[in-house]
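Since every read-out is calculated from the coordinates, none of them should be taken as a lab result. None of the values given here were measured: they were computed from a predicted structure. When we count neighbours, we look across all protein chains shown, and the Cβ atoms used for this are built from the backbone with ideal geometry, even at glycine.
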Amino acid sequence: MIDTEALSCQELVELVTEYLEGALGERDLRAFEEHLAHCDGCTEYLEQIRATIRVVGSLTPNDLTQAAETALLKAFRDWKRS
Amino acid sequence: MTLPDDELVAALRAGDEAAFAAVVRDWHSGLLRVARIFTPSRAVAEEVVQETWLRVLGALDRFEGRSSLKTWVFRILVNTAKTRAQRESRSIPFSALHDPARVPEAAVDPDRFLADDHPHHPGGWESPPRELPEDRLIASETRAVIERAIEGLPASQRAVISLRDIEGWSSDEVRNALDLSEVNQRVLLHRARARVRQALEDYLTPENA
């Protein structure tokens, strides 16, 4: 929490998604990385966003139920015949 | 494993049941998540997905390939879901999906930062996040907390984070399926991740909350 001139912590947390998406312009990117290099709080925040993405990514997609699949395949066969 | 688009369309038109079954399975989770934006429950969303595939089959001969098949199917899903929601006269905040940037929302509670006129660190952390215990991060209880946090998000945020981070879609795929601008897709993702992170922090380092 040293370099507060260019970008405050409160401003940095709002840029995290743009940073991770590679959408920051050159100047913002430089300010972002310079801030991170000196700020434990923001480094931890970014780490927690990355942890969030990892845990969300470990959730399971919704599976198609057997009944729904059977109904759709029947509909497909009917459609084929029509 | 999904075939290239032209082969897939040809296979479906030729009545290839295996190709149909594969695509129905592959896209199901994403279809369900988008349907949930417009529907009150998972059960209704499942019905909307079924109805969508029937409409897709009915319209397949008219598919011209101007978008990808996937985008086309998701457009039909959104229309089906909206029609269904209107029929059941539920009001859906479409505007929130199309211009979320108009409604400001902070990623982190402003009270956790020092005031703008603080002499040394204006806008700096007053209550910074603390390191999360890595071993508990991967516990199934933690996943349950995260699942509940996602379930509690506004519908459009829930759809975007689910498609991006659970289903692994690219931002372009999400934008096309939901007809969102690049900025709005990112705003929704940003808010969703910020809220889920907060839930994670509240659960794992409650002394900080």
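List the Cys residues of the protein assembly as shown that have no partner Cys with a C-beta closer than 4.7 Å.
A:9
Excluding residue B:25 itself, calculate the net charge of residues whose Cβ lies under 11 Å from the Cβ of residue B:25, where each Lys or Arg counts +1 and each Asp or Glu counts -1.
Values: positive: none; negative: A:63, A:69, B:26.
With Lys, Arg at +1 and Asp, Glu at -1, the neighbours total -3.
Taking the 0 to 90 degree range and rounding to the nearest ten, how far is the long axis of helix B:140-151 tilted relative to the main principal axis of chain B, both from C-alpha atoms?
Orientation of helix B:140-151: about 70 degrees from the principal axis.
Between the DSSP loop rule and a limit of at most 13 other Cβ atoms within 10 Å, which trypsin sites (Lys or Arg not before Pro) in segment B:13-76 are left? Please report the intermediate quantities before stating the final value.
Working: sites: B:13, B:25, B:33, B:36, B:42, B:55, B:62, B:66, B:70, B:75; in loops: B:66.
Loop-located and lightly packed - B:66.
What number, rounded to the nearest 500 deg cm²/dmol, is the helix-based mean residue ellipticity at 222 nm of chain B, given -39500 (n - 2.57) per DSSP H run of at least four residues and division by all its residues? Don't skip to the answer; put the middle values down first.
Working: 10 runs with 127 residues, N = 209.
Calculated mean residue ellipticity at 222 nm is -19000 deg cm²/dmol.
What's the angle, to the nearest 10 degrees (0 to 90), between helix B:17-38's Cα axis and the longest principal axis of chain B?
Approximately 40 degrees, to the nearest ten.
Under the rule a/c < 1.5 gives rounded, and otherwise a/b versus b/c splits prolate from oblate, where does segment B:94-208 land using the Cα gyration tensor? Before the final figure, lay out each step's value.
Values: a/c = 2.50, a/b = 1.24, b/c = 2.01.
Note, shape of segment B:94-208 comes out oblate.
Under a Cβ-Cβ cut-off of 11 Å, what is the net charge of the residues other than residue B:11 that fall near it, where Lys and Arg count +1 and Asp and Glu count -1?
Details: positive: B:13; negative: B:5, B:6, B:7, B:16, B:17.
Local charge sum for residue B:11: -4.
Wrap a convex hull around the Cα atoms of the protein assembly as shown, take a quarter of its surface area, and give that in square nanometres.
17.4 nm²
Would you give the gap between the C-alpha center of segment B:28-55 and the C-alpha center of segment B:146-188, rounded to a whole Å?
Value for the Cα centre distance between the two parts: 16 Å.
Loop only by DSSP, 10 or fewer other Cβ within 10 Å of the Cβ. Give me the GluC sites (Glu not before Pro) in segment B:21-67 that pass, ordered by residue number. The partial results should precede the final answer.
Working: sites: B:46, B:47, B:51, B:64; in loops: B:64.
The qualifying sites are B:64.
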